[in-house]
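The values are calculated or read from the model by the stated rules, or taken from the named source; none is laboratory data. Small disclaimer: the values here were computed from a predicted structure and weren't measured. Ideal geometry is used to build each Cβ from the backbone, glycine not excepted, and the neighbour counts take in all protein chains shown. Remember, those area values only see protein heavy atoms, side chains included, never the ligands or the DNA or RNA. Shrake-Rupley method; radii C 1.70, N 1.55, O 1.52, S 1.80 Å.
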Amino acid sequence: MTDHPPESACHRAMRRLFDFLDGELADADDAALRAHLAECRDCLAHAEFERTVLAAVAAQRGGAPLPEATRARVMAALEEAGLS
Amino acid sequence: MYSMAESAPIPAPDFRETALPFLPDVYRFARSLTRDAADADDVVQETFLRALRSWRTFIPGSDCRRWLFTICRNVYLRSRERAERQVALDDGDDEAIAAVQAHAGWVRDGTDVLLARLDLGPAISAALDELSEPFRSAVVLVDLEDHSYEEAAAILEVPVGTVRSRLFRARRLLQERLARFAQDAGFTTSPAGGMR
Ligand SMILES: [Zn+2]
């Protein structure tokens, strides 16, 4: 059995890192995390790394426009299925 | 003489006007899920056929795009012929900590230097190809389609906490792939590995 040590400030901040980067934190939690990052170089380095990866994923957005052939195929199938 | 029963029925929302405008959105979502143009065509067609068949169940005024995304994701899962593996997941908090700890390891062993040199675009695309369900759907909805955790939970029909743990695990898997690509690239470009 292990005793849970009191949670460190870093641990508490990093558990919420993705929520923070996704803008999902309530205002008070968001402010607390920002304050921690302002004074902790290690956590700031992790945050910057995760932000870079998320930005690279987000850069894959938007991709494929609907091909005309696909639209035509779907419309034909829908009309055959009774779309008036 | 007019009977009371003759009052006009409430017009159902028109499928062409309400659902079809989301065809490009559903196509983009299907492309992200399937990672393949031909598979996306099949999934989109089946999604709209199924939507048309169950159009009576669509609640007028509700979010039609979200409704279509839910159908699309179910069609996609079924198209893969094997049921979604039930994956035992840590809580989202633990996944977030694991991602941070992985990064800490790369800082110690120098992988972070290689990562900084990696061309992230193609690497992310390759990593997304390899990502399995239910992780890919979570990343596609939140990171590519820009949905909130709550919206993604509604589309996936799971609790928000489940979206969060799938999403964070997915990000950890993605960054582990990136680290591996970076390490492989590092080896191939190291001077010691030169040919002849
Ligand atoms: Zn810290």
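Filtering the range B:115-164 to residues that are within 9 Å of chain A (Cβ to nearest Cβ) and either within 15 Å of B:Asn74 (Cβ to Cβ) or in a loop (DSSP other than H, G, I, E, B) (or both) leaves B:Glu145, B:Asp146, B:Ser148. Within the range A:49-66, not a single residue is more than 25 Å from B:Arg169 (Cβ to Cβ) and more than 8 Å from chain B (Cβ to nearest Cβ).
Please tell me if B:Val100 is under 15 Å from the mean Cα position of the chain (by Cα), in a helix (DSSP H, G or I), surrounded by 17 or more Cβ atoms within 10 Å (Cβ to Cβ) and within 13 Å of chain A (Cβ to nearest Cβ). When the stated conditions are applied, B:Val100 does not pass them. Would you confirm, using the coordinates I've provided, whether A:Glu7 is modelled with pLDDT under 95, within 16 Å of the ligand (Cβ to nearest atom) and of a type outside the set (Val, Ile, Thr)? Yes; evaluated as a whole, the condition is true for this residue.
Within the range A:48-65, the set of residues being under 29 Å from B:Arg53 (Cα atoms) and open to solvent by less than 30 Å² (accessible area, probe 1.4 Å) comprises A:Ala64 only.
Among the residues that make up the range A:59-67, is at least one of them within 11 Å of the ligand (Cβ to nearest atom) and modelled with pLDDT of 95 or more? No, the range A:59-67 contains no residue that is within 11 Å of the ligand (Cβ to nearest atom) and modelled with pLDDT of 95 or more.
What do you reckon, is B:Ala127 out of contact with any strand residue (DSSP E or B) (no Cβ under 9 Å at 6 or more places or on another chain) and surrounded by 15 or more Cβ atoms within 10 Å (Cβ to Cβ)? Break it down stepwise before answering.
On the way: out of contact with any strand residue (DSSP E or B) (no Cβ under 9 Å at 6 or more places or on another chain): yes; surrounded by 15 or more Cβ atoms within 10 Å (Cβ to Cβ): yes.
Considered against the rule, which asks whether it is out of contact with any strand residue (DSSP E or B) (no Cβ under 9 Å at 6 or more places or on another chain) and surrounded by 15 or more Cβ atoms within 10 Å (Cβ to Cβ), B:Ala127 comes out as yes.
Taking the range B:31-44 as the search range and keeping residues that are without any contact (Cβ under 8 Å) to a residue 60 or more places away in the chain and open to solvent by less than 40 Å² (accessible area, probe 1.4 Å), which one is nearest to B:Glu145 (Cα to Cα)?
The qualifying residue nearest to B:Glu145 (Cα to Cα) is B:Thr34.
B:Leu89 meets the conditions (1) part of a loop (DSSP other than H, G, I, E, B); (2) surrounded by fewer than 16 Cβ atoms within 10 Å (Cβ to Cβ) in every case but one. The failed one is (2). For the range A:25-63, which positions are of a type in the set (Lys, Arg) and in contact (Cβ under 8 Å) with a residue 24 or more places away in the chain? The answer is A:Arg51, and nothing else. Being buried (at least 19 other Cβ atoms within 10 Å of the Cβ) and within 15 Å of the ligand (Cβ to nearest atom) is the filter; apply it to the range A:16-35 and report the residue that is nearest to the other protein chains (Cβ to nearest Cβ). Result: A:Leu17.
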